[in-house]
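S.K.: One structure is given below, represented as structure tokens, and several questions about it will come after.
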Amino acid sequence: MTCGPTRPVAAVLLVLLVAGSAAGATVTGPLPDESGPGPATGVHFDAAAAGHGPVRGDAAAATDGSTIHLDQTLHRLPDRPGEYEADNRYRLPDHAVKLEVTVPERATGFRTDGFTAEGDNTYAWDGETEDPRLRFRMPANRTVDRDDPLSGPGSYLFVDTGEWGIVQRPPLGHSWGWRGSPSVTFDRSLSASPGAAGSDVAYLGEYEEYEHAAHGQRFRLVVPAEADLAENRSAVFGTLANASDGIRVGDRDDEVFLIAAPTTDVRWGARGVQTGDADAWVRDLERVDDVENVWVHEYVHTRQAYETTEGVRWFTEASASYYAALHAFEQERVGFRTFQSRLERGTDPRHESAVLTDRSTWQYNPDYYVGPLVLGDLDRRTRAASDSERALHTVFARLNDADGTVDAGQFYEYVADAGGTDDADLTRRYAETTERPTVWNVSTHQAVFGPVPAQIEYEIATTDDGEDAVRARGPYRNRTLRTPYVLVPGEQLSVDVNVANSGGTAGDYDVRLRDGETTLDRKTGRIAAGNATTVTVNNTFDAPGNYELRVGGERLSVNVWEPAAAEVTGLRTDSGEGVRPGESVTVAVTVRNDAGWPGERDVRVTAADTTTGGRTGDDWTVAEQTVRLDAESERTVTATVTFDEPGTYRLGVADSNVTSQTVSVAADRGPDPDTGPLPATLVVVAVLVAVFVAALLARR
């Protein structure tokens, strides 16, 4: 997202000369001077004072003796959240005779040294103070309401919390006069205390700053103390360096200033904002392996040095969105299917009535959706028509190189010069009607853009009911989890990851489950073009804690808590009316966990002989077990006990409130009358009968 035109200098000059607005021109005219030739005057206004984005006031060719220097320092005001102070210190050459400063209408709390108020938000130098100073407070907060791929969940574009802030330099207008020669020019610098500043944006607060040089550019990355940078710094610098090299559309800025905007305290209205020449902030949670690649999107805005009429205004966000997606794909950070799907969003029914050149038809920011689709098709056709000697960047470079404001007619001429009149006619049709191009397939991309390497994409698999395939395994449970993910020590987390290769050649995959820079589990292999597979990564957690894990480009927040304290809710036995000494008694204990995470309970079954009035404390342990169970679940465990002596026994569970059970063990009563040894008289009778039967058989 841009905040106002990024290179408005030429346009501001035109506006001033035609409309007479004070916004960035240098004019000359006589002033009364009795000492010699009439002196000259100069005016310098930040473009924002005339309703445009800020511009840089550079005077590189000027010497200290002929330049008015403005050293502008922005201060945090901890006691006044939402405001900051601008401290403006001026150094003037000896032959300067006049300096007037026009301040923003919303400025308050003025303190001056060498300036007097002149009305109409203007302060005039008294002509005597060597280093005049003008201080005032400015409201910091700016909000927006938007709906596009780079929208944030809130509304802030710039903000001050009292503890830290990301703010814009306040726009000031300056007019000055001098006697004699050389001519007096104007230069300014911006700083923050405490903090860091680019040319137009400042961070107020404590921070760390990192630098990287590539392709003639110096990238400054400011990471506030309050920020939690989700992406590795080397990855951020790598994607920016790649884009710096690949986007060849004219001169590059010497310096690019970036802030990783904290997201813990502020709900931003955008995922990133670029303003001025080459200043931008990007939310600290933005990653480079995203088809929107906000880091590249905002960088592309720093390369847009043109001014257009309304009919070509759509090109600004369209080109930033398209190049962000294309570079994410070409840097192998997303696969072709993801890139293809991003462009296809331009055919969404929400945009069916949108005409890019007619903003009155816009409802859902079609420049972010339809625009990239149209420019992608233009890029493909231009490459195909020129055997890749020319491409969209050829048109982009012509825009940057144009003198004055570019209208739609000139834009189509640039397209025709790059890809032919048919190409220009088709681009005009797509831009000025609701007709849409179709997105090309991977084989066409290979043929036109060059070979497509292996494009390995990772995503967490889903179950049949649409849940992420994240499971817990262990003694407590073995099932799929739902967020929030809570485990207990000793449980294993298992994550199924889909691996797909949408590229044109086979490639190696590397699936890692990571906790910060530590790899917890890793699965590697090779996968053919167009194929897909699923792998599983695991980790067993040994200690409680909060773990921010990453797998397959996605984040998993996992809490590991100590097991919940389960309760014993029931006790029963199968002893019935009683048992004999040595017979088994089955004891069943029911345990319940009402917590929302796994729990456990040490169950100790005790016995006491109550035959003689056994007392508490006389109990002994007959069975014990640690019972582990799932969240909000119940489990019954059993144990077998025996008693060798007759009597009455009490069974219970230690440290619980369940009702104890009584077991009666009967005395040993000898053999059963029905099954014991036969009486001796019956044995004698039986023998006599046997003898008699044998005698009868012998006679026969």
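The values are calculated or read from the model by the stated rules, or taken from the named source; none is laboratory data. Bear in mind that the values here come from a model prediction, so they are computed numbers and not experimental data. Neighbour counts run over all protein chains shown; Cβ positions are idealised from the backbone, glycine included.
S.K.: From (1) under 30 Å from Asp377 (Cα atoms); (2) surrounded by 15 or more Cβ atoms within 10 Å (Cβ to Cβ), pick out the condition that doesn't hold for Asn531.
M.R.: Here Asn531 clears every test but (2).
S.K.: Follow-up question, since we're still on this one. Report whether or not Tyr322 is more than 28 Å from the chain's Cα centre (by Cα), of a type in the set (Phe, Trp, Tyr) and within 25 Å of Trp281 (Cα to Cα).
M.R.: Details: more than 28 Å from the chain's Cα centre (by Cα): no; of a type in the set (Phe, Trp, Tyr): yes; within 25 Å of Trp281 (Cα to Cα): yes.
Considered against the rule, which asks whether it is more than 28 Å from the chain's Cα centre (by Cα), of a type in the set (Phe, Trp, Tyr) and within 25 Å of Trp281 (Cα to Cα), Tyr322 comes out as no.
S.K.: Do any strands (runs of 3 or more DSSP E) entirely within segment 447-531 hold 2 or more residues that are over 24 Å from the mean Cα position of the chain (by Cα), and if so, which?
M.R.: Filter on segment 447-531 gives 470-473, 478-480, 492-501, 507-515, 518-527.
S.K.: Would you check which residues across segment 629-645 are loosely packed, with under 15 Cβ neighbours inside 10 Å and more than 21 Å from Val591 (Cα to Cα) and list them?
M.R.: Thr642, Asp644, Glu645
Let's see how each residue does on (1) in contact with a Lys or Arg (Cβ under 9 Å, 6 or more places away or on another chain); (2) at pLDDT below 50; (3) of a type in the set (Phe, Trp, Tyr):
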position: Asp618; (1), (2), (3): no, no, no
position: Arg628; (1), (2), (3): yes, no, no
position: Gly647; (1), (2), (3): no, no, no
position: Ala654; (1), (2), (3): yes, no, no
position: Gly676; (1), (2), (3): no, yes, no
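S.K.: Among residues belonging to segment 81-99 that are assigned to a strand (DSSP E or B) and without any contact (Cβ under 8 Å) to a residue 60 or more places away in the chain, point out the one that is nearest to Gly180 (Cα to Cα).
M.R.: Going through the qualifying residues, I end up with Arg91.
S.K.: For residues in segment 211-256 being touching a Ser or Thr at 6+ places or on another chain (Cβ under 7 Å) and closer than 19 Å to Ala197 by Cα, which is surrounded by the most Cβ atoms within 10 Å (Cβ to Cβ)?
M.R.: Here the residue is Val256.
S.K.: Kindly indicate whether Gly269 is buried (at least 22 other Cβ atoms within 10 Å of the Cβ), touching a strand residue (DSSP E or B) at 6+ places or on another chain (Cβ under 8 Å) and on the phi < 0 side of the Ramachandran plot.
M.R.: The answer is yes for Gly269.
S.K.: Related question: Got a sec? Which of Thr438, Thr434, Thr480, Thr427 is at negative phi and assigned by TED's automatic domain parsing to the domain that holds Arg555?
M.R.: Sole residue among the options that is at negative phi and assigned by TED's automatic domain parsing to the domain that holds Arg555: Thr480.
S.K.: Report yes if some residue within segment 577-591 is closer than 20 Å to Ala654 by Cβ and either part of a loop (DSSP other than H, G, I, E, B) or of a type in the set (Asp, Glu) (or both); otherwise report no.
M.R.: The answer is no, given that none of the residues of segment 577-591 is closer than 20 Å to Ala654 by Cβ and either part of a loop (DSSP other than H, G, I, E, B) or of a type in the set (Asp, Glu) (or both).
S.K.: Then there is this: I'd like to verify a number: residues in segment 100-127 that are part of a strand (DSSP E or B), surrounded by 16 or more Cβ atoms within 10 Å (Cβ to Cβ) and at positive phi, how many?
M.R.: 0
S.K.: Yes or no: segment 555-578 includes at least one residue that is touching a Ser or Thr at 6+ places or on another chain (Cβ under 9 Å), surrounded by fewer than 16 Cβ atoms within 10 Å (Cβ to Cβ) and of a type in the set (A, V, I, L, M).
M.R.: No, the conditions are met nowhere in segment 555-578.
S.K.: Determine which single condition Thr626 fails, assuming it passes every other condition in (1) farther than 30 Å from Leu481 by Cα; (2) loosely packed, with under 13 Cβ neighbours inside 10 Å; (3) free of Cβ contacts under 8 Å to residues at least 60 places away in the same chain.
M.R.: Here Thr626 meets the rest and fails (1).
S.K.: Only one of (1) within 16 Å of Leu426 (Cβ to Cβ); (2) modelled with pLDDT of 95 or more is not met by Ser386, so which one is it?
M.R.: Among (1) within 16 Å of Leu426 (Cβ to Cβ); (2) modelled with pLDDT of 95 or more, Ser386 violates only (2).
S.K.: Then there is this: Report those strands (runs of 3 or more DSSP E) wholly inside segment 128-239 carrying at least 3 residues which are among the polar types (S, T, N, Q).
M.R.: Filter on segment 128-239 gives 185-193.
S.K.: Further question: Please list, ordered by residue number, the strands (runs of 3 or more DSSP E) wholly in segment 609-660 having 1 or more residues that are among the acidic types (Asp, Glu). Steps first, please.
M.R.: Numbers: elements: 620-629, 633-642, 647-653.
Output list reads 620-629, 633-642.
S.K.: Answer yes if at least one residue in segment 611-623 is out of contact with any His (no Cβ under 7 Å at 6 or more places or on another chain), surrounded by fewer than 19 Cβ atoms within 10 Å (Cβ to Cβ), touching a residue at least 60 places away in the same chain (Cβ under 8 Å) and small (Gly, Ala, Ser), and no otherwise.
M.R.: no
S.K.: Let me ask something else. Taking segment 428-486 as the region of interest, how many residues are of a type outside the set (Ser, Thr, Tyr) and over 20 Å from Gly504 (Cβ atoms)? Before the answer, list the steps.
M.R.: If we filter segment 428-486 for residues that are of a type outside the set (Ser, Thr, Tyr), which is where we start, we get 428-429, 431-432, 435-437, 439-442, 445-457, 459-461, 464-475, 477-479, 481-482, 484, 486.
This time we only want the ones that are over 20 Å from Gly504 (Cβ atoms), so: 428-429, 431-432, 435-437, 459-461, 464-475, 477-479, 481-482, 484, 486.
Residues in segment 428-486 being of a type outside the set (Ser, Thr, Tyr) and over 20 Å from Gly504 (Cβ atoms): 29 in total.
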